[in-house]
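Below is one structure, written out as structure tokens, with a few remarks after it.
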Amino acid sequence: MQYEISTVNDTVTVKFEGTLSALDLIFMNQDPSYRQALNHNTKLFLDFSQIVGSTLTAEDTTGLALLGKRDAEKTTNIHLVILLGYAEAEGIGMVLKTIFAGSTWKVTVAETRDEARQALQQ
């Protein structure tokens, strides 16, 4: 698995490729460039469209939810746009939506790149 972080204007984009694991999301969460970008921008775009599979377990999901809740408490008013792209990604989208429910984050799950672009322009 690989991920790439970039920032353009007020949007942080994280593109994932390959097979997604819990460690990938943990490493991304601890990545200094991700942390800095998240603290200085208002939109976060997680692009899972190049994912070919996932090894996330129920236990992984619980641990990631705790990490995500911490982010939601520290950074406010983020618009999170999640681009899915493979059959199993819907579960990832729902997990991420649940993680940030009740926070000040707005969460949009997109099924196409056009939907994601439109959401990011809002």
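The values are calculated or read from the model by the stated rules, or taken from the named source; none is laboratory data. Every value quoted in this text rests on a predicted model; they were computed, and no experiment measured them. A quick note on method: Cβ atoms are made from the backbone with ideal geometry, for glycine too, and the neighbour counts reach across all protein chains shown. Heads up: the accessible areas ignore ligands, DNA and RNA and are worked out on the full protein's heavy atoms, side chains in. Shrake-Rupley method; radii C 1.70, N 1.55, O 1.52, S 1.80 Å.
List the residues, sorted by chain then number, that are 5 or more residues from S54 or on another chain and whose placed amide H is less than 5 Å from its amide H. Hits under the 5 Å cutoff: L20.
Estimated from the Cβ-Cβ distance and a Förster radius of 25 angstrom, the FRET efficiency linking Q121 and R70 is about 0.30. For W105, the residues whose amide H sits under 5 Å from its own are N77, I78, ignoring neighbours fewer than 5 places away on the same chain, with H placed 1.01 Å from N.
I51 sits with roughly 10 Å² accessible to a 1.4 Å probe, with DNA, RNA and ligands left out of the calculation. Here's how it looks for V12: its modeled amide H is under 5 Å from those of K43, L44, F45, which are all 5 or more places away or on a different chain. For region 30-37, 3J(HN,Hα) computed residue by residue from phi via the Karplus equation (6.51, -1.76, 1.60; θ = phi - 60°) reads 8, 4, x, 5, 5, 4, 5, 4 Hz, glycine and proline entered as x.
If you plug the beta carbon distance of Q36 and R113 into 1/(1 + (r/R0)^6) with R0 = 25 Å, you get a FRET efficiency near 0.45. Given their separation in residues at 0.36 nm each and the Cα-Cα distance between them, N77 and L23 gain 16.8 nm when the chain is fully extended. Residue by residue, region 73-84 carries 3J(HN,Hα) couplings of 6, 7, 10, 10, 6, 9, 9, 9, 10, 10, 9, 8 Hz when phi is fed to the Karplus relation 6.51 cos²θ - 1.76 cosθ + 1.60 (θ = phi - 60°); x denotes Gly or Pro. Look at (1) 105, 35, 20; (2) 31, 30, 26; (3) 57, 26, 18: the one that is Cα extents along the principal axes in Å derived from this structure is (2).
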